Amino acid sequence: MTRSLDLGCGRNLKNPYQATEAFGIDIVSQENLRVSVADLVIEPIPHPDNSFDYITAFDFIEHIPRVLYIDGIRRQPFIELMNEIWRVLRPGGTFRAHTPAFPKAMAFTDPTHVNIITEDTYKYFCGGDHDQLARSYGFTGMFNLKTQYWDREWDYHLIWELEAVK
């Protein structure tokens with residue numbers, strides 16, 4: 001049995017890996033028992049550790065701020081979300097992000113895009129030269145890059161697939 005979680009799923013829960021069980025999270029109630037309600041900018045993913053084989057984020061991570069102040073306390077929601085994704089993935093699980101990215105204009109056109117992704121963003125979550133810096137930002141997980149490419153149909157979308165290392 002495989003399990004998938006779609007972040008920011010809206011009404012259309014996606015399951016591109018054809019997992020046996022598919023779940024979602026959205027900020028708005030979707031009246032679907034498989035979709036939890038959570039604001040992932042400020043809340044953790046409401047699932048236990050090592051729960052999923054796959055996590056997807058279609059047109060979602062560009063909406064997660066990099067820095068946020070709440071009651072004078074500085075938070076880094078994108079780093080926190082990546083920690084949460086790593087936490088709920090099973091060892092060897094896959095995170096797939098499908099997002100508008102730099103240098104394409106669509107990365108900047110939508111005023112709700114507050115997290116500009118580049119072809120090098122994944123490096124902060126995959127150790128190597130960026131490991132010490134990522135740790136200083138609060139990243140506690142570890143991923144390996146499985147693949148990264150520009151979508152052929154939506155040429156302004158960059159697709160990453162990261163594998164959880166545990």
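Read-outs: derived from the displayed coordinates by stated rules, not from any lab. Predicted model only: the values in this text are computed from it and were never measured. Ideal geometry is used to build each Cβ from the backbone, glycine not excepted, and the neighbour counts take in all protein chains shown.
Among the residues in the stretch 117-135, are any under 22 Å from L89 (Cβ atoms), in contact (Cβ under 8 Å) with a residue 60 or more places away in the chain and among the small types (G, A, S)? Within the stretch 117-135 (the criterion being under 22 Å from L89 (Cβ atoms), in contact (Cβ under 8 Å) with a residue 60 or more places away in the chain and among the small types (G, A, S)), the answer is no, since none of the residues qualifies. Step by step: first the residues of the stretch 64-118, then only those that are in a loop (DSSP other than H, G, I, E, B) and among the hydrophobic types (A, V, I, L, M, F, W, C), then the one that is nearest to S51 (Cα to Cα). Which residue is that? Out of the qualifying residues, it is I64.
Residue under question is W154, and the condition is that it be more than 18 Å from the chain's Cα centre (by Cα) and without any contact (Cβ under 8 Å) to a residue 60 or more places away in the chain; does it hold? Judged against the criteria, W154 is a match.
Any residue at all in the stretch 36-46 that's small (G, A, S), farther than 25 Å from K123 by Cβ and touching a Phe, Trp or Tyr at 6+ places or on another chain (Cβ under 9 Å)? Yes, that holds for at least one residue.
Yes or no, residue by residue, for (1) surrounded by 18 or more Cβ atoms within 10 Å (Cβ to Cβ); (2) in a strand (DSSP E or B); (3) in contact with a Ser or Thr (Cβ under 9 Å, 6 or more places away or on another chain):
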{"site": "M1", "(1), (2), (3)": "no, no, yes"}
{"site": "Y17", "(1), (2), (3)": "no, no, yes"}
{"site": "I25", "(1), (2), (3)": "yes, yes, yes"}
{"site": "E31", "(1), (2), (3)": "no, no, no"}
{"site": "P44", "(1), (2), (3)": "no, no, no"}
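Being of a type in the set (D, E) and in contact with a Cys (Cβ under 6 Å, 6 or more places away or on another chain), is that true of even one residue in the stretch 17-33? Scanning the stretch 17-33 turns up at least one residue that is of a type in the set (D, E) and in contact with a Cys (Cβ under 6 Å, 6 or more places away or on another chain). For the stretch 76-88, the criterion of a residue being more than 17 Å from Y137 (Cα to Cα), touching a residue at least 60 places away in the same chain (Cβ under 8 Å) and within 14 Å of the chain's Cα centre (by Cα) is satisfied by at least one position.
Quick check, is Y54 surrounded by fewer than 21 Cβ atoms within 10 Å (Cβ to Cβ) and in contact (Cβ under 8 Å) with a residue 40 or more places away in the chain? The answer is no for Y54. Residues in the stretch 119-156 that are acidic (D, E) and part of a helix (DSSP H, G or I): D129, D131.
With respect to R135, is the statement that it is over 17 Å from the mean Cα position of the chain (by Cα), over 19 Å from E80 (Cα atoms), surrounded by fewer than 14 Cβ atoms within 10 Å (Cβ to Cβ) and of a type in the set (D, E, K, R) true? Judged against the criteria, R135 is not a match.
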